[in-house]
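Please read the structure below before turning to the comments.
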Amino acid sequence: MTKKELALEIIERLKKEYPDAGCTLDYDQAWKLLVSVRLAAQCTDARVNVVVEKLYEKYPDVQALAEASVEDIEEIVKPCGLGHSKARDISACMRILRDQYEGHVPDDFDALLKLPGVGRKSANLIMGDVFGKPAIVTDTHCIRLTNRMGLVDNVKEPKKVEMALWKIIPPEEGNDFCHRLVYHGREVCTARTKPHCDRCCLSDICAKNGVSSEA
């Protein structure tokens, strides 16, 4: 089985296992996802979802958040960790949206990368979830699972994993595939405990169980 064939089989099995998988960050506007994904660095999505409720209650739109001081933002978001750097990035990002994009999030990947605190993972998430464009989000689950499954071979650098996956994942499948990896990584192919291979829908095709694939 080639890596591309393996990828297609994994995609189909995960679709059946997690048919409704989606982003676990709560948002109803693009700029809110931008804020949440910055806060989610080294923090759980569940905690971010709680913290942003208070943030949006006080600052309900891009204009309000752009006008807020870094200190006031930090006071609210510090439970997410790295409070000062995250508050600084959020403040700078909202000011750019206000001043350069009329309060809207740009739908261009390179423009997103120029925003403070936005890396490839965040930009891909926004491109896929907000704008419905091809995206591969190489978060910790994606990197861990694709290495275990044999889709990539001992590659840990996020951009290299992303580039390798672009070669074997159909563009229209990438975003949902990555969301399903998050679900699978939390529930079955876990990081902090031994993976639950006995109840994994991929156990018979997984490299971790000795199944090899060709390039």
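Results for (1) at pLDDT 95 or above; (2) surrounded by 15 or more Cβ atoms within 10 Å (Cβ to Cβ); (3) under 16 Å from the mean Cα position of the chain (by Cα); (4) farther than 15 Å from F177 by Cα, shown as yes or no for each residue.
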{"site": "A7", "(1), (2), (3), (4)": "yes, yes, no, no"}
{"site": "I10", "(1), (2), (3), (4)": "yes, yes, no, no"}
{"site": "Y18", "(1), (2), (3), (4)": "yes, yes, no, no"}
{"site": "Y27", "(1), (2), (3), (4)": "yes, yes, yes, yes"}
{"site": "V35", "(1), (2), (3), (4)": "yes, yes, yes, yes"}
{"site": "R38", "(1), (2), (3), (4)": "yes, yes, yes, yes"}
{"site": "Q42", "(1), (2), (3), (4)": "no, no, yes, yes"}
Boolean, C178 is in a helix (DSSP H, G or I), touching an Asp or Glu at 6+ places or on another chain (Cβ under 8 Å) and either small (G, A, S) or within 20 Å of V37 (Cβ to Cβ) (or both): yes
Members of the range 181-196 found to be crowded, with 20+ Cβ neighbours inside 10 Å and not in a loop (DSSP other than H, G, I, E, B), listed by number: L181, V182, H184, G185
So C142, is it within 30 Å of T193 (Cβ to Cβ) and hydrophobic (A, V, I, L, M, F, W, C): yes
Residues located in the range 53-78, provided they are outside any helix (DSSP H, G or I) and hydroxyl-bearing (S, T, Y): Y59, S69
Only one of V188, V105, V152, V130 that is aliphatic (A, V, I, L, M) and touching a Ser or Thr at 6+ places or on another chain (Cβ under 9 Å): V152
Number of positions in the range 1-45 that are assigned to a loop (DSSP other than H, G, I, E, B) and touching a strand residue (DSSP E or B) at 6+ places or on another chain (Cβ under 8 Å): 1
Search result, residues across the range 197-214 that are charged (D, E, K, R) and surrounded by 15 or more Cβ atoms within 10 Å (Cβ to Cβ): K208
Members of the range 110-152 found to be hydroxyl-bearing (S, T, Y) and farther than 28 Å from A215 by Cβ, listed by number: S122
Meets criteria (in contact (Cβ under 8 Å) with a residue 40 or more places away in the chain and either aromatic (F, W, Y) or in the same structural domain as C189 (by TED's automatic domain parsing) (or both)) for R38: no
Residue in the range 86-99 that is surrounded by 15 or more Cβ atoms within 10 Å (Cβ to Cβ), in contact (Cβ under 8 Å) with a residue 60 or more places away in the chain and under 22 Å from C23 (Cβ atoms) present: yes
Cross-chain or 6+ apart pairs with Cβ under 7 Å, the range 186-215 first and over 21 Å from A7 (Cβ atoms), then hydrophobic (A, V, I, L, M, F, W, C) and surrounded by 15 or more Cβ atoms within 10 Å (Cβ to Cβ): H196/V188; R199/V188
Residues of the range 146-172 satisfying the condition of being buried (at least 18 other Cβ atoms within 10 Å of the Cβ), in a helix (DSSP H, G or I) and over 14 Å from the mean Cα position of the chain (by Cα): T146, R148, M149, A164, L165
Residue satisfying condition, being farther than 26 Å from P171 by Cβ and of a type in the set (K, R), within set K78, K133: K78
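The values are calculated or read from the model by the stated rules, or taken from the named source; none is laboratory data. Note that the structure is a prediction, hence the values are computed from the model and not measured. Here the Cβ is made from the backbone with ideal geometry for all residues, glycine too, and neighbour counts use every protein chain on show.
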